[in-house]
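Everything on this sheet refers to the single structure shown next.
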Amino acid sequence: MLLFLSQEPRARPGPPPPVAAAAAAGLGPAPGMSVCGEAVGAGSLPSELVVHIFSFLAGPDRLRASAACSHWRECLFYPALWPRLRLSLRVSPAERPRLEFLMRKCGWFVRELRVQFAADNYPSGGAAAAAAGEGAAVAAGDGEAAPLCPRWLELLRTYLELVLCVLSSVRNNRNLQKLSLFGDISILQQHGSISNTYLGKVDPDGKKIKQIQQLFEEILGNSRQLKWLSCGFMLQIVTPTSLSSLSNPIANTMEHLSLLDNHIPGNTTLITAVELERFVNLRSLALDFCDFTAEMARVLADSNHVPLHRLSLLVHSVSIMHKSLDSMPEDENWKALTRNSTNLRVYIMAFDVKSDDMLRILKPSIPLERIHFDSYITCVSGAVVDLISRQYDKFLTHFILMNDVIDMSGFPDLSDNRNEDPLVLLAWRCTRLSLLAVHGYTVWAHNLIAIARLRGSDLKVLEVTEESIDFDQGELADQDVDPVHNLIEQVSLGLGRPWHAVMDIELLSVFTEPTRHFYREMQSFSEGI
């Protein structure tokens, strides 16, 4: 379990008192030291003084200092010391006792709670392959159900228990101001229906899921100071009725709302335009694109609503398949929204979305600042990239293009049958572009040099995988020049700093599982208001 505990920043008018300075330096009170004629030791210091000492120490030093004695250990979890708690949990049974201890100590008073259930332990590959790895796969005959992987069943069972532990510990916390939950279970979701197979096996009567949903609604109902609510891909924790548990005063003062779950059935939405009317103070919003309707845009554009600053939208092929784009905002809706929210910036991540759908989605009046394409099945066309560079030249700062489509004929070439390369045009038109990352699309070396020269040092991040770079025959035929060395030299000169191609896709700063990247980027995007 990765644990990040942070203390409330506050101004300190002067140096710590002598006792505090000694403790911070790792020196406890000397044996036999007397205060007012009485001998005292570390365990005799008043709790208030120990807490004051701890306030000058960094988190790791504070944890080490608490090992001095049981009295200091009791002072370690004084509420003022731990206003924020950030956890990255491995889905493992070994995490549960440590998590229970920590949440029992901090759950009732923590003001900011951020929990990520990491997917590092989930098996990779399809269900049959994973089951075979466990020795559980058997040849299924015609009409027989595919074998279930025992390890996946155990992981899902552990995941539900850890979620119950976290939610039950904060159910009565009325000081909670920021609640952020992320459940990275997308690998399970990609290889079959959890509700009909694994989830049905682990929770056959649905009691645990119902208990989790009730706890979540209880947390919302008991909240008195909640300003930030984010729940991403948490496997049916949020239901269409969850937000009704929030009182009107809390809904009226909420500043950030993020509700994402690609496991909800059919065309169900987690929030409606009518429900959104209560959130008049919302400054940041993150939703599935298919849930963000024209009616919602009208609600946010109303003069009674404070200006919206950040809007993060996930466009997923699964959502488009089960829902419809017919209700999405039209260009006049975006114009009305930007009139009320002049500082609005939009972040879009498109996962396996067809180019024709993207051409429908990308309305001219969207103040698009960041866009990320990630593909396993379908690729982005040069027409989409060209449209983006023409429509969002005044806003676009981040452009990410990832492709893991297996194609024996090679990577797609966006500049194929075009006079100008779309990525070069993007760098030329979008004068605020500061991040460009490409993998799985052909990037010609001379075009990469042109991009570096056009944007120069303003392009803070330029990441292109080595396997995506190609050289034309003229560059390869020149025996006097090493094309790779020349590329590195010319791009470095253009950027004004040393540059190298990314040798391994996993070294890309933007490389991660798509939903995890969207959640992480959405958090930083929204917090940057």
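Where a number appears in this text, it was derived from the coordinates with a stated rule and is not lab data. Note that the structure is predicted; figures quoted are calculated from it, not measured. Here Cβ is always computed from backbone atoms with ideal geometry, including for glycine, and neighbour counts include all displayed protein chains.
The figures follow:
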{"quantity": "Label point distance in nm, ASN175-ARG151, each placed 7 Å from Cα along Cα→Cβ", "calculated": "4.1"}
{"quantity": "Among the listed pairs LYS363/LYS460; LYS227/LYS354; LYS178/LYS208; LYS105/LYS178; LYS105/LYS208; LYS178/LYS460, those beyond 29 Å (Cα-Cα)", "calculated": "LYS227/LYS354; LYS178/LYS460"}
{"quantity": "Dipole of the range 36-113, positive direction: furthest Cα of TRP82, VAL51, HIS71, with charges on the beta-carbon", "calculated": "TRP82"}
{"quantity": "Where trypsin sites (Lys or Arg not before Pro) fall in DSSP loop in the range 420-497, at most 15 other Cβ within 10 Å", "calculated": "ARG432, LYS460"}
{"quantity": "Where Rh is the Kirkwood radius over Cα pairs, Rg/Rh for the range 383-453", "calculated": "0.95"}
{"quantity": "Where a label projected 7 Å from the Cα of GLU527 along Cα→Cβ would reach, residues of the range 52-95 with amide N under 12 Å", "calculated": "84-87"}
{"quantity": "Listed peptides 294-307, 382-395 by packing density, highest first (mean Cβ within 10 Å)", "calculated": "382-395, 294-307"}
{"quantity": "Cβ charges +1 (Lys, Arg) and -1 (Asp, Glu), total dipole of the range 257-337, debye", "calculated": "260"}
{"quantity": "Label-point gap, in nm, between GLU277 and LYS460 - each point 7 angstrom along Cα→Cβ", "calculated": "4.1"}
{"quantity": "At R0 = 51 Å, FRET efficiency that the Cβ-Cβ distance of GLU295 and CYS69 yields, to 0.05", "calculated": "0.25"}
{"quantity": "Length gained when the stretch ASP480-GLN211 is fully extended (0.36 nm per residue, less Cα-Cα span)", "calculated": "89.8 nm"}
{"quantity": "Spin-label pair GLU513/LEU359, simplified geometry with 7 Å Cα→Cβ offset, distance in nm", "calculated": "3.4"}
